[in-house]
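Heads up: the structure comes next, in structure tokens.
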Amino acid sequence: MKINLSGPDITKKEIDAVVAVLKTRSLSLGPKLPAFEAKLAQYAEAKHAIAVNSGTSGLHLCVRSLGIKDDDEVITTPFSFVASANCILFERGRPVFVDIDPETLNIDYRKIEAAITARTKAILPVHIFGYPCRMDEILKIAEKHNLKVIEDACEAIGATFNGRKVGAMGDCGVFAFYPNKQITTGEGGMIVTNDDKIANMCRSMRNQGRDPSSAWLEHREMGFNYRISDINCALGIAQMERIDNILEKRSSVASMYKQRLESFKQLKLLARGGADISRSWFVYVVRLDKKFSREDRDIVIAKLRKLGIECGIYFPCIHLQPFCVKKFGYKRGDFPVAEGISDRTIALPFYNNLKEKDIDYVCENLKDIITKLT
Ligand SMILES: *Cc1c(COP(=O)(O)O)cnc(C)c1O
């Protein structure tokens, strides 16, 4: 018995789309790139979409296009994948962490203002596990203090807040398409923005700083090779054509987990959203009750793995990552809410075509292991 943590949902449609590109001469910078971008722009309700080779590259270009540099401060969350802080460090900026809300697991917007200093340039909220941040509050704070907002929507394609799609509510935002995300291009990412200037800078910087209107080898500025191939874009287009169905499937897997776990009091499940929130399901993360320790959680994970149930620790706090401790001297206790949650989370197997009998197997064993722990 082996149940994977995640798995892409690839149909014949995707395979045919990729093979069709391989039969052309345009493997990169061909017609699939603008077609994929147009699909995303429309879906995310954004004026521009710029495809890149990873979510991390996209976040880096957002930070750079906003002019964030040496010791500029960017307010963000410690409870995220490491890329959301690294993208600030790439430009020698400083991530300033603000603790999270224990219900939504997103940055606690009520604590943002206290972290603003004269050096603060931007806020980088992460819609963690696909749950949208309270963007109205965050945008209000940003406007009041003249700050930019970069949305890390890498886990949240399709999520809405107050009826608006996440991604381009702030100055710019990024989706990611690694195989464990809601839709995949193998590797890839997409910047979305309503700002012409940011869009132009990102387009140029992903392609070695070339000016789109100038000669091929004229480099207006230092850029990067963050291009994504037409092979990846074709895969992305085919996935986008099925996105409503994909998100529905994920939501129904989440509901099946909920049915089996919600009455089990030793576990807390992810918030499902309210009237103004619609979450996009990225992963299925449960957390042990407060009375359990990190060691208990690690025992549960080890036992599940022994039974062939793959699970993950989403996420270890960024400020406690060895390189962050070394660089900034963070310690346990600095962000107690994030740490307490991070110590007790378990990501369970979660993907579109996860079978009901596998969900039964995971839930029965999970409950059994926890019951025996107490
Ligand atoms: C996946 C992810 C990214 C970017 O990931 P890539 O692997 O570079 O595509 C960034 N932030 C968060 C929160 C993510 O989950």
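Every read-out reported here was derived from the displayed coordinates using simple, explicitly stated rules and does not represent laboratory data. If you're wondering where the values come from, they're calculated on a predicted model, not measured in any experiment. Note: ideal-geometry Cβ built from the backbone for every residue, glycine included; neighbour counts use all protein chains shown.
Please give me the summed charge of the neighbours of Leu27: other residues whose Cβ is under 12 Å from its Cβ, Lys and Arg +1, Asp and Glu -1.
Summing Lys and Arg as +1 and Asp and Glu as -1 gives +3.
When each of Thr345, Thr104, Thr193 is scored by the number of other beta-carbon atoms lying within 10 Å, the sequence from fewest to most is Thr104, Thr345, Thr193.
Coupling constants for the stretch 4-13 follow from the phi torsions by the Karplus curve (6.51 cos²θ - 1.76 cosθ + 1.60, θ = phi - 60°), and in residue order they are 6, 5, 8, x, x, 10, 10, 10, 4, 4 Hz; glycine and proline get x.
Arranged from fewest to most other beta-carbon atoms within 10 Å of their beta carbon, Met1, Met135 become Met1, Met135.
Nearest 5 percent is fine: what portion of the DSSP beta bridges confined to the chain is antiparallel?
On the way: 25 of 40 bridges.
Counting only bridges with both partners in the chain, antiparallel ones make up about 60 percent.
Qualifying trypsin sites (Lys or Arg not before Pro) in the stretch 88-193, where qualification requires a DSSP coil assignment and no more than 14 other C-beta atoms within 10 Å, comprise Arg92, Arg119. Result for the chain in a Gaussian network model with C-alpha springs under 10 Å: among Val174, Val74, Val300, the largest mean-square fluctuation is at Val300. Count Lys and Arg as plus one, Asp and Glu as minus one, and take only other residues whose Cβ is under 14 Å from that of Asn180; the net charge is then -2.
How much net charge surrounds Asn4 when only the other residues with a Cβ under 10 Å from the Cβ of Asn4 are counted, with Lys and Arg +1 and Asp and Glu -1?
-1
Quick check: from the Cα gyration tensor, does the stretch 153-220 come out rounded (a/c under 1.5), prolate or oblate? Verdict is oblate for the stretch 153-220.
Once you have a ≥ b ≥ c as the square roots of the Cα gyration tensor eigenvalues for the chain, tell me rounded if a/c is under 1.5, and otherwise prolate or oblate according to whether a/b is larger than b/c. It would help to have the intermediate numbers written out before the result.
Values: a/c = 1.92, a/b = 1.25, b/c = 1.54.
Verdict is oblate for the chain.
222 nm [θ] for the chain, helices only, -39500 (n - 2.57) per DSSP H run of 4+, per residue, to 500? After summing the helix terms and dividing by the residues of the chain, the value is -11000 deg cm²/dmol. Scanning residues 5 or more positions from Lys148 or on other chains, those with amide H under 5 Å from its amide H are Ala122, Ile123, with H placed 1.01 Å from N in the peptide plane.
At most 15 other Cβ atoms within 10 Å and a DSSP loop assignment: could you name the trypsin sites (Lys or Arg not before Pro) in the stretch 201-283 that fit? Please list the in-between numbers first.
Working: sites: Arg203, Arg206, Arg210, Arg220, Arg227, Arg242, Lys249, Arg250, Lys258, Arg260, Lys265, Lys268, Arg272, Arg279; in loops: Arg220, Arg227, Arg242, Lys265, Arg272, Arg279.
In loop regions of the stretch 201-283 (DSSP not H, G, I, E or B), the sparsely surrounded trypsin sites (Lys or Arg not before Pro) are Arg220, Lys265, Arg272.
Give me the extension gain from Phe328 to Glu218: residue separation times 0.36 nm, minus the current Cα-Cα distance, reported in nm with one decimal.
Values: separation 110, 0.36 × 110 = 39.60 nm, distance 3.92 nm.
The Phe328-Glu218 span can extend by a further 35.7 nm.
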